[in-house]
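First up is the structure itself, then whatever we jot down about it.
The values are calculated or read from the model by the stated rules, or taken from the named source; none is laboratory data. Just so it is clear, the model here is predicted, and its values are computed rather than measured. Neighbour counts run over all protein chains shown; Cβ positions are idealised from the backbone, glycine included.
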Amino acid sequence: MNRRNAIKALGAILPTLYLSKSYPLLASDTWSKVPFKPTWTSLENYKVPNWFRDAKFGIWAHWGPQCQPERGDWYARGMYQEGSDQYKYHVEKYGHPSKFGFKDVINIWKAEKWDPEALMDLYKRTGAQYFMTLANHHDNLDLYKSSHNNWNSLNFGPKKDIVGGWEKAARKRGFRFGVSVHAAHAWTWYETAQRADKNGPMQGVPYDGKLTKEEGKGTWWEGYDPQELYAQNHELSRDSLKDHKIHEQWHWDVNTGVSVPTEAYCTNFKDRTIELIDNYNPDVVYFDDTALPLWPISNVGLEIASHLYNKSIKDNKGKLEAVINGKILNEQQRKCMVWDIERGQSDKIEPEPWQTCTCIGAWHYDRRVYDRGRYKSAKTVIHMLVDVVSKNGNLLLSVPLRGDGSLDDKAQQVVEGIADWMQVNSEGIIGTRPWHSFGEGPAQKEAPALHAQGFNEGKGKPFTSEDIRFTQKGKVTYAFVMGVPSDKFIRIQSFGKNKNNSFEVKKARLLGYNKGLKFQQTNEGLTIALPDDFTPNPIAQVFKLS
């Protein structure tokens, strides 16, 4: 049997092996006594808790050792791709990856300016209702106290409990707390660390991805096994030398030639994640995976999900308060967790609550974004937030931190701008639900389609004051005018007396303005006169209609 057929056959029997041998609880009566079993059918009984539906806005610290070089996302993979920007930068700054690998980057990451208390005070001003921290990334370093992974932030780098520090500061300020887990893919993601240069003076010299514990004698990492970090004691995936092949193999479809992780690897990932959940009690767990981690080659993702939900019910006296974010979900899976769209938005009101995750810059800090003034503006973020909320979604916004843990002045300015707008207008966001229509205006006519897990952000027509979005809360409907009106009148066609789902407007207010407004409602629409003494907000105006 050739390798491809062997992998295909292994993929077909792995789920059975996991169910029958590795996880005997699945075949016992234990699961029948708890609300959720580790199956998609059982998880379909999930209901998104109201706190998450009300929250609408969260802040994310997508921050870890890959921020230390300040050269952008996926650095721990890109630094091993000969000829790439990150490889060239790494060789110049740190040395050749055979001598100074990512384990060494972890060692110099000290997070010396990290102040979670001060940062959380700032984030609180934005009106965000939940805060999320990176628990681990594809680089496989756990940023919490882990008894199942020696490569964690208490043993290396900052020698601090990063997740614990964030959790304490977040809960003190009333945030719901979340963790993002990305490490399931380290097995294939780090395959670039197995390579060697094909050209130049270091041609043929292996990078450090296959170092062993025995080779650490006399080094700073003596006594630790690099394979616990890199997980590269395995055969490469098919076409692994093609840098973009990993995206085709992200779904763990054995037919793509992806290298199948061992049972021990999958079990270790499960143990690490369960320990994270049990010790830090997150309200939200974000998985950077298609559906759940390691699905369908392993059942551990389903076991983690059922464990989280059952624990939440137990901890909250029978009430399920936990949320799981997953990507690229089918219709069944969208009933089991909250669908996350990365850097993108839906073009309609979704029947189930969902989430957009995005960043004002790069996912991992990139100094070039700062130097070139490429951060999203507060206006861009608010427009995205309003549009997402009008369609039954939440916005999770990553604010980049430098390697040392500090927030640069330009990023802080963006956050301050968001806070200023939200302090006046957040009642139209927090605790709302979609109206019968999400909105009107020209931008929607050019709304781009979603691609894979998202990535349609910024590809549509920019919002103008002709674009209006709606939310509602009880008997009140909020209308967001996205920009500065071109004249002294706001015209909303959706509230014409002859329109479906319209209602008689008896009172109109403008958030941030304490006086009454003049308006007229006809069959063609609602016209609101802007007062002469009102200065429009450059981001958006919010009208409260009842």
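If you go through segment 20-30 one residue at a time, do you hit one that is farther than 26 Å from TYR144 by Cα and modelled with pLDDT of 95 or more? Looking for residues that are farther than 26 Å from TYR144 by Cα and modelled with pLDDT of 95 or more, one finds none in segment 20-30, hence no.
Does GLU352 satisfy the condition of being over 30 Å from LYS113 (Cα atoms), among the acidic types (Asp, Glu) and touching a helix residue (DSSP H, G or I) at 6+ places or on another chain (Cβ under 6 Å)? Before the answer, list the steps.
Working: over 30 Å from LYS113 (Cα atoms): yes; among the acidic types (Asp, Glu): yes; touching a helix residue (DSSP H, G or I) at 6+ places or on another chain (Cβ under 6 Å): yes.
Considered against the rule, which asks whether it is over 30 Å from LYS113 (Cα atoms), among the acidic types (Asp, Glu) and touching a helix residue (DSSP H, G or I) at 6+ places or on another chain (Cβ under 6 Å), GLU352 comes out as yes.
Only residues that are without any contact (Cβ under 8 Å) to a residue 60 or more places away in the chain and assigned to a loop (DSSP other than H, G, I, E, B) were counted in segment 478-529, giving 24. Considered as a group, the residues in segment 348-366 that are buried (at least 21 other Cβ atoms within 10 Å of the Cβ) and aliphatic (A, V, I, L, M) include one that is farthest from PHE52 (Cα to Cα), and that residue is ALA362. Which of the residues that make up segment 266-302 are within 19 Å of the chain's Cα centre (by Cα), of a type in the set (Gly, Ala, Ser) and more than 13 Å from VAL181 (Cβ to Cβ)? Answer for segment 266-302, where residues must be within 19 Å of the chain's Cα centre (by Cα), of a type in the set (Gly, Ala, Ser) and more than 13 Å from VAL181 (Cβ to Cβ): just ALA291. In the condition set (1) modelled with pLDDT of 95 or more; (2) crowded, with 21+ Cβ neighbours inside 10 Å, GLN345 is compliant with all but (1). The requirement of being in contact with a Gly (Cβ under 8 Å, 6 or more places away or on another chain), modelled with pLDDT of 95 or more and either buried (at least 21 other Cβ atoms within 10 Å of the Cβ) or assigned to a helix (DSSP H, G or I) (or both) is fulfilled somewhere in segment 86-93, by at least one residue.
Hey, can you tell me all the residues within segment 408-425 that are surrounded by fewer than 20 Cβ atoms within 10 Å (Cβ to Cβ) and either under 20 Å from the mean Cα position of the chain (by Cα) or part of a helix (DSSP H, G or I) (or both)?
If the condition is that a residue be surrounded by fewer than 20 Cβ atoms within 10 Å (Cβ to Cβ) and either under 20 Å from the mean Cα position of the chain (by Cα) or part of a helix (DSSP H, G or I) (or both), then ASP409, LYS410, GLN412, GLN413, GLU416, GLY417, ALA419, ASP420, GLN423, VAL424 are the ones that fit.
Residues of segment 242-255 that are buried (at least 17 other Cβ atoms within 10 Å of the Cβ) and either free of Cβ contacts under 8 Å to residues at least 40 places away in the same chain or among the β-branched types (Val, Ile, Thr) (or both): LYS245, ILE246, VAL254. The criterion of being touching a Ser or Thr at 6+ places or on another chain (Cβ under 9 Å) and under 22 Å from GLN86 (Cα atoms) holds for LEU141. Inclusion of ALA362 among residues that are under 21 Å from the mean Cα position of the chain (by Cα) and under 27 Å from ASN279 (Cβ atoms) is not warranted.
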